[in-house]
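As structure tokens, the structure follows; a few thoughts come after it.
Here, each number is a calculation from the coordinates, and none is a lab measurement. Not measured: the values here are computed from a predicted model. Note that we place each Cβ from the backbone using ideal geometry, even for glycine, and neighbour counts take in every protein chain shown.
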Amino acid sequence: MAEGAPSVPERLSFLDEVQARTPGESRLLMCIQCGTCGGSCPSGADMQHTPRHIFAMIRADMREEVLSSNTPWYCVSCYYCTVRCPQDVHITDIMYTLKRMSLVGHSYDSSTAPDFSKMFINWVENYGRAFELGLMSQHMLRHNPLGVFKIADMGIGMVTKGRMAFTPKRIQGMAGLKQIIAKAKELEETHD
Ligand code: SF4
Ligand code: SF4
């Protein structure tokens, strides 16, 4: 290398990157492949790869296969696997990391679940909470316009029974939340 030339940062392995991008400690390396997570997962039957399988693929540096898998998108964040894991692997947090990486790289070939995540985040960033009616309507209109008529009765029923709000309500302390979100984005950029 020529004197004074900037040093090129060493490329992180996929495993290192997933660990570095997971807030706190992922404990991914502690996985003993016992399969408890997949056996506990309510979405396991619909996932292309069980969480156990995904973790083995991450360790095998199978970046494209992992980030194009439907597995993170079928994770409903119930945390059941996480509380049952004998090794305290932070499975749900890792699923969020994979979703984020898949979104950034446009790796998953369906836009349905990624769009839903983006709309959800948009509501939270602007109101501090999700607005179910708005979220559901936006999502259906974009991805299944005819389906709106099928769920209209259910939506009206939930609104009239007070189970769902008719209009979005902003939380108190929105300014503080915006500062937290801005800081989180700043930290995220330092990883890129
Ligand atoms: S339950 Fe924990 S240790 Fe077992 S396969 Fe899943 S992540 Fe690995
Ligand atoms: S948190 Fe996600 S991966 Fe874990 S059991 Fe629930 S749906 Fe499955």
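In region 88-172, which trypsin sites (Lys or Arg not before Pro) are in a loop and have at most 13 other Cβ atoms within 10 Å, using DSSP for the loop call?
Answer by residue number: K161, R163, K169, R170.
Summing Cβ point charges (Lys, Arg +1; Asp, Glu -1) relative to the Cα centre of region 12-108 gives a dipole of roughly 140 debye.
What you get for region 142-192, charging only the Cβ of Lys and Arg (+1) and of Asp and Glu (-1), is a dipole of about 380 debye around the Cα centre. Its Cα centre serving as origin, the chain has a Cβ charge dipole (Lys and Arg +1, Asp and Glu -1) of approximately 960 debye.
Ranked highest first by average number of other Cβ atoms within 10 Å, how do 72-82, 21-31 line up? Write down the numbers at each step before the final one.
Values: 72-82: 17.9, 21-31: 16.3.
Packing proxy ranking, top to bottom: 72-82, 21-31.
Taking the charge dipole of region 1-149 about its Cα centre, with +1 at Lys and Arg Cβ atoms and -1 at Asp and Glu Cβ atoms, the residue from Q138, H49, S68 reaching farthest to the positive side is Q138.
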